[in-house]
Amino acid sequence: AAEIQNELTEVLVTEEQILAKLDEVAAQVALDYAGKNLLLVGVLKGAIMVMADFSRALPTVVPMDWMAVSSYGAGTKSSGVVQIRKDLDEDLHDRDVLIIEDIIDSGLTLSWLLENFESRGAKSVEVFALLRKPDAAKVQVDCKYVGFDIPNEFVVGYGLDYAERYRNLRDVAILAPHVYS
Ligand code: PRP
Ligand code: MN
Ligand code: MG
């Protein structure tokens with residue numbers, strides 16, 4: 001929408017680039033998980049768009065579950081405190097879990113989730129993150145599938161928000177600092 005153009009400084013990843021990448025990762029995941037007990041777990045709310053497009057890029061039907069956690073609230077910095085807002089419905093015992101995330105920023109959310117899921121008896125737990133900020137890492141997260149490494153800027157769109165805004169933008173863009181400073 002034209003009225004939000006001055007709230008964004010630069011488009012970092014276009015919808016077209018995202019969808020091409022999702023096809024690529026889906027083909028790899030289909031090979032890697034052939035014969036396995038795959039369960040996709042989307043991390044609400046940021047992962048809604050990735051989950052919707054990635055799951056439909058897979059060649060077979062696949063079960064999905066959702067976990068809602070939040071560490072950012074309305075700010076641009078992770079609080080480091082991960083809160084469960086909605087727990088899983090599925091039992092993870094003997095499942096090959098693939099966590100679907102929009103972004104790894106500090107890594108705090110995912111490192112907490114990985115530990116949490118492993119403690120529930122999952123057979124395996126891996127991660128697909130569409131975006132990753134290598135320069136923002138506070139903890140290392142073992143991420144099997146990564147879409148794009150991006151610079152350490154606050155980005156929005158394609159599921160990513162600032163104070164619940166911008167999630168429905170089709171591209172991933174850098175938020176102009178005047179919006180949050
Ligand atoms: C964002 C994003 C990731 C997490 C990454 O979620 O969607 O889940 O932060 O940051 P980290 O690597 O520093 O932990 P947020 O907590 O904003 O909740 P949301 O998905 O509902 O927007
Ligand atoms: Mn999130
Ligand atoms: Mg958020």
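The values are calculated or read from the model by the stated rules, or taken from the named source; none is laboratory data. Quick caveat, the model's predicted, so the values are computed rather than measured. Backbone-built Cβ (ideal geometry, glycine too); neighbour counts: all protein chains shown.
Yes/no per residue for (1) among the basic types (Lys, Arg); (2) within 16 Å of ligand 3 (Cβ to nearest atom):
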{"position": "Lys133", "(1), (2)": "yes, yes"}
{"position": "Gln140", "(1), (2)": "no, no"}
{"position": "Lys144", "(1), (2)": "yes, no"}
{"position": "Asp149", "(1), (2)": "no, no"}
{"position": "Asn168", "(1), (2)": "no, yes"}
{"position": "His178", "(1), (2)": "no, no"}
Inset, instruction - Quickly run through segment 1-20 and pick out the residues that are β-branched (Val, Ile, Thr), under 21 Å from the mean Cα position of the chain (by Cα) and not in a strand (DSSP E or B). - result: Thr14, Ile18
Legend entry - Any hit, segment 116-134, residues being in a helix (DSSP H, G or I) and more than 19 Å from Leu39 (Cβ to Cβ): yes
Legend entry - Checking Phe148 against (1) assigned to a strand (DSSP E or B); (2) away from ligand 2 (no atom under 12 Å from the Cβ); (3) in contact with a Lys or Arg (Cβ under 9 Å, 6 or more places away or on another chain); (4) within 17 Å of Val43 (Cα to Cα), the condition it does not meet: (4)
Inset, instruction - Would you check if there is a residue in segment 116-125 being within 15 Å of ligand 1 (Cβ to nearest atom), at pLDDT below 95 and in contact with a helix residue (DSSP H, G or I) (Cβ under 7 Å, 6 or more places away or on another chain)? - result: no
Inset, instruction - Run Val156 past the list (1) in contact with a His (Cβ under 7 Å, 6 or more places away or on another chain); (2) of a type outside the set (Lys, Arg); (3) not in a loop (DSSP other than H, G, I, E, B) and report the number of the one that doesn't hold. - result: (1)
Inset, instruction - Scan segment 124-161 residue by residue and report those that are over 15 Å from the mean Cα position of the chain (by Cα), closer than 18 Å to Glu10 by Cβ and not hydrophobic (A, V, I, L, M, F, W, C). - result: Asp135, Pro151, Asn152, Glu153
